[in-house]
Amino acid sequence: MAFQMLLNFFLAFTWMFLKTTFTPASFLVGYFWGLVILFIFRSYFSERFYLHRVIAIIKLFFLFLKELVLSNLSVLKLVISPKLSIKPGIFALPVEVEKDWEIMLLANLITLTPGTLTVEVSGDNKTLYIHAVNIDDVKDSINGIKDTFEKAIMEVSR
Amino acid sequence: MTETYEIIIGVMVLLGAIISLIATIGALRFPDFYTRNHAISKSTTLGVSIVLLSALLYFIFFEAHFNSRLVLAILFILMTAPVSGHLIGRAAYNSGVKLADRSVVDDLKRDRQKLQKRKKTQ
């Protein structure tokens with residue numbers, strides 16, 4: 001990915017030198033044509049075309065925003081309900097992603113969605129221990145959240 | 001047209017403030033440390049983000065410039081809030097803060113006990 005981006009920057013600067021206009025606009029135009037050239041030659045790279053990864057990152061971001069808003073609403077509903085009928089607890093969640101930064105990202109995403117908070121990562125990096133405000137709610141939805149987040153993260157790192 | 005913008009921005013500021021307020025109420029009502037940590041460390045994230053976002057919109061609509069510092073502020077809040085939330089929770093658990101009585105399960109305790117038993121038998 002880094003190599004392809006560097007190549008793309010190089011092509012953009014080449015474009016600027018060819019046009020002899022050194023403005024951000026001409027840089028962007030050059031970057032765009034560089035993308036097109038890289039796309040045409042994508043089968044010659046050992047990695048896949050890097051724009052796929054960029055799109056996956058953007059998708060992950062929007063997925064995260066959606067979860068953030070939805071789960072915030074559910075916690076707010078819990079807080080203002082007249083009877084505080086919550087069942088907090090810590091449960092273990094086995095994870096499939098392996099690299100350190102993927103686990104970090106997954107743990108942080110789970111922490112940032114309200115109602116769940118990563119308390120500990122097990123020593124062998126295979127289990128996340130998650131504290132949940134209302135474990136009944138979470139048990140249903142956590143698999144969905146985990147699946148979607150984990151799939152999106154794998155899509156980025158693939 | 002400016003009035004519409006004013007109303008949109010005003011509603012967003014109010015929304016952020018209300019979310020923060022409810023999070024604070026949650027901190028008072030929840031039974032133990034961990035659940036309070038939930039309420040404080042995250043619902044406020046959304047609240048503050050919305051307030052900052054409305055400030056960003058204000059600058060775009062009324063001052064006609066894109067204030068990139070506000071975007072940075074939102075990004076950094078989103079990046080740092082989960083780390084602090086996780087570390088505070090982890091530190092609390094490792095220093096032995098008890099879960100509330102109404103807690104149902106504690107898988108971490110179970111797994112740690114298993115690990116200790118295995119160490120003893122070895």
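Taking a straight Cα-Cα cut-off under 19 Å and skipping sequence neighbours fewer than 8 places away in the same chain, the aspartates and glutamates within cross-link reach of A:K59 are A:E67, A:E102, A:D147, A:E150, A:E155. The string of couplings for region A:12-18 from the Karplus curve (6.51, -1.76, 1.60, θ = phi - 60°) is 4, 5, 4, 4, 4, 5, 5 Hz, one whole number per residue in order, with x for Gly and Pro. The value of relative contact order for chain A, using C-alpha pairs under 8 Å at least six residues apart, is 22 percent. Computed from label points 7 Å out along Cα-Cβ, the spacing between A:M154 and B:R29 is 3.9 nm. The string of couplings for region A:27-39 from the Karplus curve (6.51, -1.76, 1.60, θ = phi - 60°) is 4, 4, 4, x, 4, 4, 5, x, 4, 4, 5, 4, 5 Hz, one whole number per residue in order, with x for Gly and Pro. The relative contact order of region B:2-121, computed from alpha carbon pairs under 8 Å that lie at least 6 residues apart in sequence, is 25 percent.
Taking chain A as the reference, fit the longest principal axis to its C-alpha atoms, fit the long axis of helix A:135-157 to the helix C-alpha atoms, and give the angle between the two in degrees, 0 to 90, nearest 10. Here the helix axis deviates by roughly 20 degrees. Rounded to the nearest Hz, the phi-derived 3J(HN,Hα) couplings of region A:66-77 under the Karplus curve 6.51 cos²θ - 1.76 cosθ + 1.60 (θ = phi - 60°) are 4, 4, 4, 5, 4, 6, 4, 4, 5, 5, 4, 5, where x marks glycine and proline.
How large is the charge dipole for the protein assembly as shown, taken about the Cα centre, if only the Cβ atoms of Lys, Arg (+1) and Asp, Glu (-1) carry charge, to the nearest 20 debye? Intermediate results must be reported in sequence, preceding the final value.
Details: 30 positive and 22 negative charges, 189 e Å.
Roughly 900 debye for the protein assembly as shown.
Taking the charge dipole of region B:2-121 about its Cα centre, with +1 at Lys and Arg Cβ atoms and -1 at Asp and Glu Cβ atoms, the residue from B:S41, B:L78, B:I88 reaching farthest to the positive side is B:I88. Here region A:56-157 yields Rg over Rh of 0.98, to two decimals, using C-alpha coordinates and the Kirkwood radius.
Assuming charge only on the beta carbon of Lys and Arg (+1) and of Asp and Glu (-1), the dipole of chain B about its Cα centre is about 1380 debye to the nearest 20.
For B:D106, the residues whose amide H sits under 5 Å from its own are A:I90, ignoring neighbours fewer than 5 places away on the same chain, with H placed 1.01 Å from N. Per residue of A:75-88, other chain Cβ atoms within 10 Å of the residue Cβ number 6 on average.
Peptide B:112-119 has a mean of 1 when you count, residue by residue, the C-beta atoms of other protein chains within 10 Å of its C-beta. Gap in Å between the Cα centre of region B:58-122 and the Cα centre of region A:66-143? Going from one Cα centre to the other spans 10 Å.
What does the C-alpha gyration tensor say about the overall shape of the protein assembly as shown? Classify as rounded when a/c is under 1.5, otherwise prolate if a/b is larger than b/c, or oblate.
Values: a/c = 2.98, a/b = 1.39, b/c = 2.14.
Oblate, because a/c is 1.5 or more while a/b does not exceed b/c.
When ranked by the protection proxy of mean other Cβ atoms within 10 Å per residue, highest first, what sequence do the peptides B:74-84, B:46-56 form? Can you show the working numbers first?
Details: B:74-84: 15.3, B:46-56: 20.2.
The peptides rank, most packed first, as B:46-56, B:74-84.
For region A:2-44, the relative contact order works out to 44 percent when only alpha carbon pairs closer than 8 Å and six or more residues apart are counted.
Look at the dipole of region A:69-128 built from charges on Cβ: of A:P114, A:F91, A:M104, the Cα furthest out on the positive end belongs to A:P114. Taken over region B:8-122, lysine pairs spaced eight or more positions apart, or on distinct chains, with alpha carbons under 26 Å apart number 10.
Taken residue by residue and averaged, Cβ atoms of other chains lying within 10 Å of the Cβ of B:76-86 number 4. Within region A:2-44, the percentage of alpha carbon pairs spaced more than 15 angstrom apart rounds to 35%.
Read-outs throughout are calculated quantities, based only on the coordinates presented, and are distinct from any laboratory measurement. All values reported here derive from a predicted model rather than from experimental measurement. Don't worry about glycine lacking a Cβ; one is built from the backbone with ideal geometry, like all the others, and counts go over all protein chains shown.
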